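What follows is one structure encoded as structure tokens, with my remarks underneath.
The values are calculated or read from the model by the stated rules, or taken from the named source; none is laboratory data. Nothing here was measured: the structure is a model prediction, and the numbers come from that model. Because the Cβ atoms are built from the backbone with ideal geometry, glycine has one as well, and the counts that use them run over all protein chains shown. Keep in mind that these areas ignore ligands, DNA and RNA; they rest on the heavy atoms of the full protein, side chains included. Shrake-Rupley method; radii C 1.70, N 1.55, O 1.52, S 1.80 Å.
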Amino acid sequence: MVRTLYDTVDIEVLSTVDKISFALKEILLVKHFFKASLEFLPGEDAPRWKWTKEGAFTSKSAYSIMRDPGMRSTYYNQLWKTKAPLKVKVFFWTALLDRLLTRENMHHKGWTVQRECVLCQNNFETGLHLFAQCPFARYVWDGFFRPGANMQTGDKLSEIWLLNRQLLTMNYKDNWDTVWMAGTWNIWKMRCTVIFEGASADADEVIRKTIQDCKAWISFC
Ligand SMILES: [Zn+2]
């Protein structure tokens, strides 16, 4: 029906159409959710639906993940308004839900992988470790905290970001979430470069790239 009416089912194109039906408008409200729900695994050419074990879409899984209290909190709404490219927001959101393909998550999916964090070689690579507890991540975040600020920990990344927002330097007062997103994004990119290209981990480089991204996103978005 959508294809007949609008000549496309491309969600980006549909978002720009002037007169769309009420039903389609409702559907477009969840496009971020839809995009973040697909993942591409190496060696597979079709995307997988993230919320079922088999990777196939079921409305039950979509419903239950959307009923997740976290999804409806103001923090998640705020997240979509943050100044950052869409792909980074989707990445960050996936990290908050702990659905990134970290080594621990791959291990839990039954893959044979090394489980240690490549940035410190000292702990299993969970999202919580990689982005908040790893000495590498702590060094990166220290670059953005006010002098003497002590990063507080928690059990969930979303909790940690909220707890520590106020510790970031005033330079980014109106854009704290942009800093979290850019930092998390660049830690992940560094981790991938180390794993896939054999580079050595460079925390100062992550800080530089994070500052660069923040500046670009804040002025362009
Ligand atoms: Zn580590």
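Quick look at the numbers
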{"quantity": "So TRP176, is it free of Cβ contacts under 8 Å to residues at least 40 places away in the same chain, open to solvent by less than 40 Å² (accessible area, probe 1.4 Å) and in a helix (DSSP H, G or I)", "calculated": "yes"}
{"quantity": "Odd one out for ILE218 among (1) under 23 Å from LEU79 (Cβ atoms); (2) free of Cβ contacts under 8 Å to residues at least 60 places away in the same chain", "calculated": "(2)"}
{"quantity": "Considering residues of the range 27-67 that are open to solvent by 90 Å² or more (accessible area, probe 1.4 Å), among the basic types (Lys, Arg) and in a loop (DSSP other than H, G, I, E, B) only, the residue farthest from LEU5 (Cα to Cα)", "calculated": "LYS53"}
{"quantity": "Residue within the range 189-196 that is touching a residue at least 60 places away in the same chain (Cβ under 8 Å) and closer than 21 Å to LEU96 by Cα present", "calculated": "yes"}
{"quantity": "Positions within the range 154-173 being charged (D, E, K, R) and open to solvent by 70 Å² or more (accessible area, probe 1.4 Å), in sequence order", "calculated": "ASP155, LYS156, GLU159, LYS173"}
{"quantity": "Residue tally, condition under 24 Å from PHE92 (Cα atoms) and either modelled with pLDDT of 75 or more or surrounded by 15 or more Cβ atoms within 10 Å (Cβ to Cβ) (or both), over the range 16-26", "calculated": "0"}
{"quantity": "The range 100-153 - residue that is in contact (Cβ under 8 Å) with a residue 60 or more places away in the chain and within 15 Å of GLU39 (Cβ to Cβ) and, of those, least open to solvent (accessible area, probe 1.4 Å)", "calculated": "LEU100"}
{"quantity": "Selection status of GLY183, under 18 Å from ASP213 (Cα atoms) and under 20 Å from the mean Cα position of the chain (by Cα)", "calculated": "yes"}
{"quantity": "Selection within the range 93-103 - more than 15 Å from the ligand (Cβ to nearest atom), outside any helix (DSSP H, G or I) and not hydrophobic (A, V, I, L, M, F, W, C)", "calculated": "ASP98, ARG99"}
{"quantity": "Verdict on LYS215 being farther than 23 Å from GLY148 by Cβ, at pLDDT 95 or above and open to solvent by 50 Å² or more (accessible area, probe 1.4 Å)", "calculated": "no"}
{"quantity": "Search result, residues across the range 104-160 that are in a helix (DSSP H, G or I), near the ligand (Cβ under 8 Å from one of its atoms) and within 19 Å of the chain's Cα centre (by Cα)", "calculated": "HIS129, LEU130, GLN133, PHE136, ALA137"}
